[in-house]
Amino acid sequence: ALLWILVALALAVYLQLPDIVLTGATRDKPHRQMNGFLFNVALACFGGWGCIAAYLIVWVKYVQKDTREWEEVSPRAIPIATILAVLSLFSFCGAFWPLWGFLSVPIVFMLFLGVLNTAHFVPI
């Protein structure tokens with residue numbers, strides 16, 4: 001898990017990801033802009049996925065102290081979260097496609113795994 005996080009951080013620094021997210025382009029190639037609409041769709045889908053995960057992990061397990069399985073408590077949550085995660089991945093790939101082309105698929109995959117593996121270090 002730590003390896004994926006370190007790979008994602010190194011990749012984000014190398015690709016100047018904070019600059020791309022804030023300005024829509026890199027400093028080296030300002031004429032190549034990311035797709036802002038798809039980036040916003042990706043953020044919304046990723047946020048929805050995160051809200052469902054927080055609901056199931058924090059609210060149901062720790063606040064309500066429900067010991068049943070997630071499928072019993074909220075049977076539609078996992079399929080909806082899966083759809084949102086897949087849409088988020090495709091939207092991020094489409095948003096970054098003008099910048100990196102075919103490399104956007106493995107780059108987004110590595111960044112996604114890095115973000116996903118940070119959950120291993122959350123003390124809940």
query: Can you tell me which residues in region 90-103 are surrounded by 18 or more Cβ atoms within 10 Å (Cβ to Cβ) and out of contact with any Gly (no Cβ under 8 Å at 6 or more places or on another chain)?
result: Ser91, Phe92, Cys93, Gly94, Phe96, Leu99, Trp100
message: Every residue in region 20-41 that is in contact with a Leu (Cβ under 8 Å, 6 or more places away or on another chain) and either of a type in the set (Val, Ile, Thr) or under 15 Å from Leu116 (Cβ atoms) (or both), please.
response: Ile20, Thr26, Val41
message: Being touching a residue at least 60 places away in the same chain (Cβ under 8 Å), part of a helix (DSSP H, G or I) and either surrounded by 16 or more Cβ atoms within 10 Å (Cβ to Cβ) or touching a Ser or Thr at 6+ places or on another chain (Cβ under 8 Å) (or both): is that true of Leu84 here?
response: no
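Would you point out which residue out of Leu17, Leu11 is under 19 Å from Leu113 (Cα atoms), at pLDDT below 95, of a type in the set (A, V, I, L, M) and open to solvent by less than 50 Å² (accessible area, probe 1.4 Å)? Before you say what the answer is, go through the steps one by one.
Working: Leu11 fails: at pLDDT below 95.
Of the residues listed, the single one that is under 19 Å from Leu113 (Cα atoms), at pLDDT below 95, of a type in the set (A, V, I, L, M) and open to solvent by less than 50 Å² (accessible area, probe 1.4 Å) is Leu17.
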message: Residues that are under 27 Å from Leu2 (Cα atoms), open to solvent by 90 Å² or more (accessible area, probe 1.4 Å), touching a residue at least 40 places away in the same chain (Cβ under 8 Å) and not in a helix (DSSP H, G or I): does region 110-120 have at least one?
response: no
- request: Please state which one of Val73, Val60 is crowded, with 17+ Cβ neighbours inside 10 Å, touching a residue at least 12 places away in the same chain (Cβ under 8 Å) and more than 30 Å from Gly24 (Cα to Cα).
  value: Val60
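The values are calculated or read from the model by the stated rules, or taken from the named source; none is laboratory data. Keep in mind the model is a prediction, meaning the values are calculated, not measured. Neighbour counts are summed over all protein chains in view; Cβ atoms, including those assigned to glycine, are modelled from backbone coordinates with ideal geometry. Accessible surface areas use protein heavy atoms only, side chains included; no ligands, DNA or RNA. Shrake-Rupley method; radii C 1.70, N 1.55, O 1.52, S 1.80 Å.
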